[in-house]
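In what follows, a single structure is set out as structure tokens and then discussed.
Taken together, the values in this text are just the output of simple stated rules run on the coordinates, not laboratory data. Quick caveat: nothing in here was measured; it's all calculated off a predicted structure. Note that each Cβ is placed from the backbone with ideal geometry, even for glycine, and that neighbours are counted across all protein chains shown.
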Amino acid sequence: MRYWHPFTEEAIEQIKRDGITKLVVLPLYPQFSISTSGSSLRLLESIFREDEYLVSMQHTVIPSWYQREGYIKAMANLIGKELETFDHPEQVLIFFSAHGVPLAYVEEAGDPYKAEMEECIDLIMEELEKRKIMNAYTLAYQSRVGPVEWLKPYTDETIIELGKRGVKCLLAVPISFVSEHIETLEEIDVEYKELALKSGIEKWGRVPALGCEPTFISDLADAVIESLPYVGAMAVSNIEARQSLVPLGSVEELLAVYDLKRRELQSPVMVWEWGWTRSAETWNGRAAMLAVLVLLVLEVTTGQGFLHQWGILPFFH
């Protein structure tokens, strides 16, 4: 795992102890983002470069698999099953809630996450339509933090708007998560459910994360098996050839394609803090700029102040 045991470094050490010579890298994020899969791949890249054992390791990467038939059918299975728990399934709005990313990642760094997410939703709805499930649906993004703009529409704002529009039955679908964790168990099941009920939505349901759903697990296994012949092969990922269900390429090649300029993206400011933290510096800087602007306006409009006294600005007569 990226942020808990077993850490990536621990898994790498186990790989070395086991004498592994070929790898298939399979991030457990259905859609690629430079903040999720990209973060993990960059860590692998740095480890590969610094370790003599790994520097020549043959490997291939499956950067995203949101378009795979097994994954799409597994999501449709879970959605269809939960719809049946409502008294009038056809009246339920299907609410896809995906983890958000800062807007700059998409617009400035070329992150494909938004495009892959929207294509993923289209594929799932097409599968549901084949099963005569024609419900209305929408997509929103959750888990934003800090003052920077994230992908919109936001999940909380969308829930409130749906309530105002008279939506009474809602089925939440955590679309970018394959396992249960705080963003499903707390953020969706507790916070968003409470918000929905307060907003006038009367019937609330939530599709479970994929977990060990048999169709999903079988499809991931197939993805790995299908990629085995390409381990160590020089190939281009599926950025320009999305018809390929097994994207190819080494970690370095893949990162070069997805993030050509290899720019470092600063993490969004988390909260307003005091002290000498990065967040505090950001907010203190903005406050200082605002204060300077206010003083400058007063100087120009009144003709009095330090800048006039020092002769920097001329006095008004």
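Which order, highest average first, do 130-142, 172-184 follow once you tally other Cβ atoms within 10 Å for each residue and take the mean per peptide? All intermediate terms of the calculation are to be shown ahead of the outcome.
Numbers: 130-142: 16.1, 172-184: 18.8.
Ranking the peptides 130-142, 172-184 by packing returns 172-184, 130-142.
Is the stretch 61-117 best put as rounded, prolate or oblate by its Cα gyration tensor, with a ≥ b ≥ c the root eigenvalues, rounded for a/c under 1.5, and otherwise prolate when a/b is larger than b/c, oblate when not? Intermediate results must be reported in sequence, preceding the final value.
Details: a/c = 4.39, a/b = 1.80, b/c = 2.44.
Cα axes put the stretch 61-117 in the oblate bin.
With label points built 7 Å along Cα→Cβ from the Cα atoms of residue 134 and residue 217, find their separation and express it in nm.
3.7
If you stretched the chain out fully between residue 225 and residue 288, how much longer would it get, using 0.36 nm times the residue separation minus the C-alpha to C-alpha distance? Present the calculation step by step, with values, prior to reporting the outcome.
Details: separation 63, 0.36 × 63 = 22.68 nm, distance 5.75 nm.
Result: 16.9 nm gained on full extension.
Can you classify the stretch 136-207 as rounded, prolate or oblate using the Cα gyration tensor, where a ≥ b ≥ c are the square roots of its eigenvalues, rounded means a/c under 1.5, and otherwise it's prolate if a/b beats b/c and oblate if not?
Working: a/c = 1.66, a/b = 1.21, b/c = 1.37.
Since a/c reaches 1.5 but b/c is at least a/b, the shape of the stretch 136-207 is classed as oblate.
Between residue 46 and residue 69, what FRET efficiency follows from the Cβ-Cβ distance if R0 is 35 Å, with the result rounded to 0.05? Don't skip to the answer; put the middle values down first.
On the way: r = 34 Å, r/R0 = 0.98.
Efficiency, rounded to the nearest 0.05: 0.55.
What is the gain in length, in nm to one decimal, between residue 20 and residue 148 on full extension, counting 0.36 nm per residue of separation less the C-alpha to C-alpha distance? The partial results should precede the final answer.
Values: separation 128, 0.36 × 128 = 46.08 nm, distance 4.27 nm.
Answer, rounded to one decimal: 41.8 nm.
Step through the residues of the stretch 54-68 one at a time and calculate ³J(HN,Hα) from phi using the Karplus curve (6.51 cos²θ - 1.76 cosθ + 1.60, θ = phi - 60°), rounding each to whole Hz and writing x for Gly and Pro.
8, 4, 10, 5, 6, 7, 9, 10, 9, x, 7, 9, 5, 8, 5
Arrange the peptides 147-160, 39-52 so that the one whose residues have, on average, the most other Cβ atoms within 10 Å appears first. Mind showing how you got there, number by number?
On the way: 147-160: 17.5, 39-52: 15.0.
With the highest mean Cβ count within 10 Å placed first, the list reads 147-160, 39-52.
Reachable lysines from residue 193, Cα under 18 Å, same-chain residues fewer than 8 places away excluded?
Here the lysines satisfying the reach criterion relative to residue 193 are 164, 168, 203.
Suppose R0 equals 41 Å. What FRET efficiency, 1/(1 + (r/R0)^6) with r the Cβ-Cβ distance, do residue 180 and residue 108 give to the nearest 0.05? Kindly include the intermediate steps, with their values, before the conclusion.
Working: r = 33 Å, r/R0 = 0.80.
Result of the calculation: an efficiency of 0.80.
Using just the C-alpha positions of the stretch 33-142 as equal point scatterers, what log10 of I(q)/I(0) does the Debye formula give at each q in 0.11, 0.16, 0.20 1/Å?
Ignoring solvent entirely, the Cα scatterers give -0.51, -0.85, -1.08.
Can you run phi through the Karplus equation (6.51, -1.76, 1.60; θ = phi - 60°) for the stretch 102-110 and list ³J(HN,Hα) in whole Hz, with x for Gly and Pro?
Working through the residues one at a time gives x, 4, 4, 4, 7, 7, 9, 9, x Hz.
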